[in-house]
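The structure appears below as structure tokens.
The values are calculated or read from the model by the stated rules, or taken from the named source; none is laboratory data. All figures in this text were calculated on a predicted structure; none of them were measured in a lab. All Cβ positions, glycine included, derive from the backbone under ideal geometry; neighbour counts span all protein chains shown. Remember, those area values only see protein heavy atoms, side chains included, never the ligands or the DNA or RNA. Shrake-Rupley method; radii C 1.70, N 1.55, O 1.52, S 1.80 Å.
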Amino acid sequence: MKALLVSLTMAAAATAQPVQVSFCDGMTRISREGAAPPSSSNVVYAARGEWEPLQIIVSATPEQLKTLQVRASGIAKHDSNALLPAPVVLREHYVRVSKSTPMAPLPAGDYADALVPLDMPAQELSGTAVVNQPYWVDIFVPYTAAAGAYTGEVQFQFADGSGAIAAYTLNVWDFDMPVVPKLRTSIMTTVRHVAQVHGLEYQDGAPSVEHAGLLNAYYDLLAEHRLSVDQIYGSYPDAATGKLDEDKVERALRKHLLHRHCNSIGLPIWPQWPFKDPLGQDRVAAMSYVAQWMKLLAKIHCESRGYVIMGDLDEPNDAEAYATVRRWGEFFNEVEKTHGVRVPLHVTEQPAPEKAAWGSLAGAVDIWVPHFSEVWKDMEWAGGKHEIALRRQAGQEVWGYAALVQMPDAWEQQHGMPKKLTSAFPPVWAVDYPPMAHRVTGWLFPKHGITGFDYWDTIFAAEGVDVWQDAGTFKTPDGETYNGDGSYIYPATEKRHGRHAPVASMRLKWLRETVEDYDYLMLARQLGLEDEARRLTSSFARGFGEWDDNSGALLEARRQLGLLIETAQHRKQTAALEGGAR
């Protein structure tokens, strides 16, 4: 730590302003102007197979930042010559919240969100006053890493030859993250939309070589964040006939599930594609297609990862829509009975219908996906019916999702009809809401047996919105703006950035962290530590409607949970060795 302090107090001797470098965790928003937050701990903890972030803030003038060169070195073990790969360093790009998201607790202004590779152009800054330029440092621990303490450095070099070195400590836990994440996800990112945001031609046929490569880049980026895209283009049937090229589809499924290690994949089918009348005259052919696709999953031992997601069925909101879901449920149930395959139907809806007259979807739906606010209303509100628990007892899955700001009337009345959501609200995923609203969900899911989550898009923007400038991606007819809704990936383009590529947001990183949090909790459960994990969770989160905006408490709970898992793993290994010696 002494060497670190010396390096961080170095000033750029020949420049007009001293340069300051400081650390903070990955859960802190850094303002562009004003004093950087006090430098916090430069120590991070991670298991093998885990990503762990920190931020390094350079406070300097815009002129000094223009020439700044950044380089990260390999991460060296303290007691050996072992060297881990250098971390990925990304430059934080600011977007503007001009109009606040409804009930947002944070003000309008500029927010760091896009995480831009260093070889892409930097955001232009003007003026002479000192500003903050944060860098996101993503550290990955390979599965081959030895446990123990390591030191890494990020070097900052200015044009005049001056510079600074920011050193940090990585403590590697002596246990592995699951290769395939335990928390299931379905993140929509469509073939057509990727073409649109990158200005590529696409007419419903086979994508061009450039387009196909870009689709794989999006799929890879999500998988690197332990998230699964809802469907992959390579698994599509022939659009004209509905026939599968089994070799092609199997290769695509192998790549996605066995190489990317994604835990979920959706069957490509829509109400009129690839069959015009799948519930009627094309029923037999459509059923055969569904069974054939699901059997390919079984062939590669991934049958438990398949499901059906169909946007036309999501959020049914009247009797007719409920009847349509039931007809599709009957169709997939018939496929299961006739062909001996499992075809879980996933629908974004809570188990209890808004109106009893619509009837029930029980028996048709296998994976229920209620909005987070509906989880609170069903399982935590005093008037809740606990339908989620009943569906789980019946052997069905329950996931969850976030979209817009949807506070139940009962919650608002219980909390005095607040104008702003300051704490203890069903999590909202928006740029101008606290980072904890993203991160806390992985800790809350086990409380109600929730095993996955959905998100409706990653690259959405309302007409006329430039996501690189304006956070107001979703706008409603009544004039409301939802900042960042539907937008978790920034599309870098050849014209603007030198190449086409998907660029992660900070919010995407927080989703990765919540998936990893859930993995920790599941490891703890497997080791008989569920009570201890519940106690640690309760230090900052008791429910979807009762959690604290306290990232420090979460990070400390995470550290303690890692220590408990490591200790339990050591006990288990020792007992196994002693048993083998007898």
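Here are some notes:
- Residue within segment 300-314 that is among the small types (G, A, S) and open to solvent by 60 Å² or more (accessible area, probe 1.4 Å) present: yes
- Hey, T493 over 22 Å from L214 (Cβ atoms) and surrounded by fewer than 24 Cβ atoms within 10 Å (Cβ to Cβ) or not: no
- Close pairs (7 angstrom Cβ cut-off, 6 or more residues apart or separate chains): over 27 Å from W173 (Cα atoms) and of a type in the set (S, T, Y) in segment 16-43, at pLDDT 80 or above and crowded, with 21+ Cβ neighbours inside 10 Å anywhere: S31/N132
- Every condition in (1) in contact with a Lys or Arg (Cβ under 8 Å, 6 or more places away or on another chain); (2) open to solvent by 30 Å² or more (accessible area, probe 1.4 Å) is met by V431 except one, and the failing one is (2).
- In segment 391-401 there is no residue that is surrounded by fewer than 23 Cβ atoms within 10 Å (Cβ to Cβ), part of a loop (DSSP other than H, G, I, E, B), touching a residue at least 12 places away in the same chain (Cβ under 8 Å) and basic (K, R).
- When restricted to residues that are in contact (Cβ under 8 Å) with a residue 40 or more places away in the chain, out of contact with any Lys or Arg (no Cβ under 8 Å at 6 or more places or on another chain) and surrounded by fewer than 15 Cβ atoms within 10 Å (Cβ to Cβ), segment 341-367 contains 0.
- Restricting segment 280-298 to residues that are of a type outside the set (G, A, S) and in a loop (DSSP other than H, G, I, E, B), the residue that is most open to solvent (accessible area, probe 1.4 Å): Q281
- Checking each residue of segment 255-277 against the condition of being open to solvent by less than 10 Å² (accessible area, probe 1.4 Å) and farther than 22 Å from D454 by Cα gives no match.
- Positions within segment 116-143 being β-branched (V, I, T) and either buried (at least 18 other Cβ atoms within 10 Å of the Cβ) or free of Cβ contacts under 8 Å to residues at least 12 places away in the same chain (or both), in sequence order: V116, V130, V131, V137, I139, V141
- The single condition among (1) modelled with pLDDT of 95 or more; (2) surrounded by 18 or more Cβ atoms within 10 Å (Cβ to Cβ) that R96 does not satisfy is (2).
- Taking segment 462-581 and the strands (runs of 3 or more DSSP E) fully enclosed by it, the elements with 2 or more residues that are within 18 Å of W51 (Cα to Cα) are at 501-504.
- When segment 144-182 is filtered for residues that are under 17 Å from R71 (Cα atoms) and either free of Cβ contacts under 8 Å to residues at least 24 places away in the same chain or outside any strand (DSSP E or B) (or both), the ones remaining, listed by number, are F158, A159, D160, G161, S162.
- Hey, P502 open to solvent by less than 30 Å² (accessible area, probe 1.4 Å) and farther than 23 Å from T441 by Cα or not: yes
- For segment 184-194, the criterion of being open to solvent by 60 Å² or more (accessible area, probe 1.4 Å), within 30 Å of D312 (Cβ to Cβ) and free of Cβ contacts under 8 Å to residues at least 60 places away in the same chain is met by at least one residue.
- Unique residue being at pLDDT below 95, open to solvent by 10 Å² or more (accessible area, probe 1.4 Å) and not basic (K, R) when the list is G163, G148: G163
- Screening the candidates D548, D485, D478 for the property of being open to solvent by less than 10 Å² (accessible area, probe 1.4 Å) and among the acidic types (D, E) yields one hit, D485.
- Those residues of segment 444-475 which are among the β-branched types (V, I, T) and free of Cβ contacts under 8 Å to residues at least 40 places away in the same chain, in sequence order: V465, T473
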